[in-house]
Structures are given as C-alpha cells and as structure tokens.
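Values in this text are rule-based calculations from the coordinates and carry no lab data. All values reported here derive from a predicted model rather than from experimental measurement. Glycine gets a Cβ as well: all are built from the backbone with ideal geometry, and neighbour counts include every protein chain shown.
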Ligand SMILES: CC(C)(COP(=O)(O)OP(=O)(O)OC[C@H]1O[C@@H](n2cnc3c(N)ncnc32)[C@H](O)[C@@H]1OP(=O)(O)O)[C@@H](O)C(=O)NCCC(=O)NCCS
C-alpha cells in the first residue's frame, strides 16, 4: 500500500519547487511570482506530501460569501488515485468553514479529467469566457467554462491532517 499523503499549508520554502511542478503540469502555468503573490494575499494554499515529496497543490481565494478555486494540481504519476478529489474537498471544506455559500472556478473546456472531477463534485457550468486562455506553444486559444456549486456551512477550524 502507498504511504499516506500529508496535507499542510503551502510555505514560502515550497514556492520554487511548486512553481517548477506547475510548469510541468499546466499549459499556461502560474509563475513563481503568482504563487508568492497568492501567499502574500493570504489565499488558502495547500500541498499534499507523500514521503516528503509534494504530489499535489491547490489554491483557494476567499471573498465575502464566496470562494474561488484558483489552482488544483496533481503530479502526473500520482493521478487517478483520489488526490484531486481529496484536495478539492479540502479546499471546499475550508471555504465552507469560512462562511462561503458558493464556490467558483474556471476550467478549459477541453480539460476532460478536470471537468469530470468537478461534475462529480457537484459543480455546474454557469458561464463561458471566450478565448480566455491565450494560445501557447502547445495549445490553441481556448474558452474557459466558469463552474459553480453551492456550499453548506460548516463549523470553523482546519489543520494539518493525513489522508489515504
Ligand atoms: C484534474 C486533476 C486535478 C485530477 O486529479 P486526480 O488526482 O487524477 O483525480 P482523482 O483521482 O481524484 O479523480 C476524481 C474523479 O475525477 C475524474 N477524473 C480524474 N481524472 C480523469 C481522467 N483522466 N479521465 C476521466 N475522468 C477523470 C473521475 O470522475 C474521477 O473519479 P473516479 O476515479 O472515481 O472515476 C489532475 O488530472 C490534474 O492535476 N490535471 C492537470 C491540472 C489541471 O488540469 N487542473 C485543473 C485545472 S482547472
């Protein structure tokens, strides 16, 4: 059996490593500065570590009454094992405990794995942003779908925990 994943907040010392992972995962990746700004802005940023190696990370922005998932990433060799769903659930839990009543996110319309995950987790498309994602060396210009789901209020509190 694989060792468990430990979930903890993203720390400043993780930034360079996470930004390097991001470059391998996304066609239009966040820069190191984007992650630094997210931490400085107080966004909820979380990593999942297995045996000391970061295998997943996500960023959630909280606003009055709502939240937005800004980043949700699992390294390729750790996918299809439930980590994306677990991370999304954890971000949603943080949002619900902070009092958010709804959660939004944006996703490429061609991103079938992410769309399947979000649909399974109760997100529904509420808008389309045309040509939102600029063309890159490997991907054409593409629309974003804006997805939304209602959140159920939960009691406050979260911390460092593990999951299978
Ligand atoms: C999207 C992503 C986070 C999913 O992470 P993951 O750990 O592989 O997902 P999980 O194992 O938790 O899968 C949960 C559900 O998502 C769906 N799913 C995930 N990967 C899928 C795939 N390749 N094809 C179809 N459905 C998929 C399934 O419904 C799955 O449930 P199941 O395993 O019971 O069938 C991951 O593929 C990733 O990091 N992709 C690159 C970055 C990205 O696109 N992030 C989202 C940007 S909006």
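Of the listed requirements (1) assigned to a helix (DSSP H, G or I); (2) surrounded by 12 or more Cβ atoms within 10 Å (Cβ to Cβ), residue 8 misses just one: (1). Please state which of the following conditions residue 22 fails to meet, knowing it meets all the rest: (1) on the phi < 0 side of the Ramachandran plot; (2) without any contact (Cβ under 8 Å) to a residue 60 or more places away in the chain; (3) surrounded by fewer than 18 Cβ atoms within 10 Å (Cβ to Cβ). With respect to (1) on the phi < 0 side of the Ramachandran plot; (2) without any contact (Cβ under 8 Å) to a residue 60 or more places away in the chain; (3) surrounded by fewer than 18 Cβ atoms within 10 Å (Cβ to Cβ), residue 22 is out only on (3).
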